[in-house]
Amino acid sequence: MHISCTQDRPRAANAHVADELHAGLQAPGAWISPKFLYDALGSKLFEAICELPEYYPTRTEAAIFARHGAEIARVAGLGATLVDLGAGNCAKAAALFPVLAPSQYVAVDISTGFLREALERLRQRFPQIAMEALGMDFSSRFELPPQVRAARRLFFYPGSSIGNFTPDEALAFLGRLRLQCGDDGGVLIGVDLAKDKATLDAAYDDALGVTAAFNLNVLRHVNHLVGADFDIRAWRHHGVYQPERGRVEMHLEAVRRQEVHWNCGGKACSRVFEPGERIHTENSYKYQQADAIALLERSGFEATRVWTDPQRWFAVIHAQA
Ligand code: AVI
């Protein structure tokens, strides 16, 4: 490993983003935060992943919502302020509008262009629901602005995005949600459950290579964010379930020796990656149902109801504040 930094490149637009990327790229075990997977193209690639036969979570969760929607609405309550975290194309929440009848819908996502387009379409379909789009990274800090009504906030966190945090981060994140809930709010969360390795390996390394493109696209995004010069063809996708760690890990592996350059705070930095060296880009934790409930309860929520599919591959949990 060889890393260097000198003072001659222009400062990146967002110093915080540049610092975070720099920290990961120069770490002995290199990493890039999974939030950087979601630029405009990354969000579209993730949408495509959700259509893949191998990627079961989206359709399994959708089937749970379709089958139990009326009961979910009875338990979660009608007319809430529905705060959709990581809303993407807003399709999952929109499918629940007819049963949940929210008084306000707040779509939160880091990828703002994508979000605004999706919300514009939704406003036309559901003119009776007040809607807000919030472009923010809610993974580290979380405070909702005053335009989000405080009464009966129901946080909607589907798709098992909670699995992209470590269990400690998930606990802290859910604790922050709990504080934003007030005393009459709650959370409706989707959690992917542990299952056989073959199913999980295929879900994160599909035959068409869409997940590979999604993972590799993070390098294109980093090139854009910090003026890096990653050659995308020089990297290979890995997505493998590690049962002993309870998670799928995504990595990018260098296929040949290369020197990569990027900007950090006006400094020109570089690192040599040897063949086989990896950049860790994502963890996707797979929970036992009891552990997911324990996590919610340790965060200050009280789990009220769990819905699963017949194979028990995925759980939708409602917990109240
Ligand atoms: C968004 N998140 C829950 C997805 C997952 O399954 O961890 C992201 C993803 N990564 C690869 N495929 C999908």
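R121 fulfils the conditions (1) at pLDDT below 95; (2) in contact with a Ser or Thr (Cβ under 7 Å, 6 or more places away or on another chain); (3) not aromatic (F, W, Y) except for a single criterion, (2). Test Q288 against the criterion of being within 27 Å of E244 (Cβ to Cβ), surrounded by fewer than 19 Cβ atoms within 10 Å (Cβ to Cβ) and touching a Ser or Thr at 6+ places or on another chain (Cβ under 9 Å), and give yes or no. So Q288 fails the test. Could you tell me whether F173 is aromatic (F, W, Y), crowded, with 20+ Cβ neighbours inside 10 Å and closer than 27 Å to Y287 by Cα? Spelling it out, F173 is indeed aromatic (F, W, Y), crowded, with 20+ Cβ neighbours inside 10 Å and closer than 27 Å to Y287 by Cα. The conditions of being within 30 Å of L174 (Cβ to Cβ), more than 14 Å from the ligand (Cβ to nearest atom), of a type outside the set (A, V, I, L, M) and touching a residue at least 24 places away in the same chain (Cβ under 8 Å) are met by Q289. Go through the range 24-61 and count every residue that is crowded, with 19+ Cβ neighbours inside 10 Å, within 14 Å of the ligand (Cβ to nearest atom) and either of a type in the set (F, W, Y) or assigned to a helix (DSSP H, G or I) (or both). Going through the range 24-61 one residue at a time, the tally reaches 16. Residues that are away from the ligand (no atom under 16 Å from the Cβ) and either under 21 Å from A76 (Cα atoms) or touching a Cys at 6+ places or on another chain (Cβ under 6 Å) (or both) number at least 3 in the following helices (runs of 4 or more DSSP H) confined to the range 128-240: 167-181. Based on this model, can you work out whether E71 counts as exposed (fewer than 14 other Cβ atoms within 10 Å of the Cβ), without any contact (Cβ under 8 Å) to a residue 12 or more places away in the chain, of a type in the set (D, E, K, R) and more than 16 Å from the ligand (Cβ to nearest atom)? No; evaluated as a whole, the condition is false for this residue. I'd like to know if the range 206-215 contains one or more residues that are crowded, with 23+ Cβ neighbours inside 10 Å and of a type in the set (A, V, I, L, M). Checked against the condition, which is being crowded, with 23+ Cβ neighbours inside 10 Å and of a type in the set (A, V, I, L, M), the range 206-215 yields no hits at all. When residues in the range 48-65 are screened for being farther than 24 Å from L115 by Cβ and not hydroxyl-bearing (S, T, Y), 4 of them pass.
The values are calculated or read from the model by the stated rules, or taken from the named source; none is laboratory data. For clarity, every value in this text was computed on a predicted model and none was experimentally measured. FYI the Cβ positions are ideal-geometry reconstructions off the backbone, even for glycines, and counts take in every protein chain you see.
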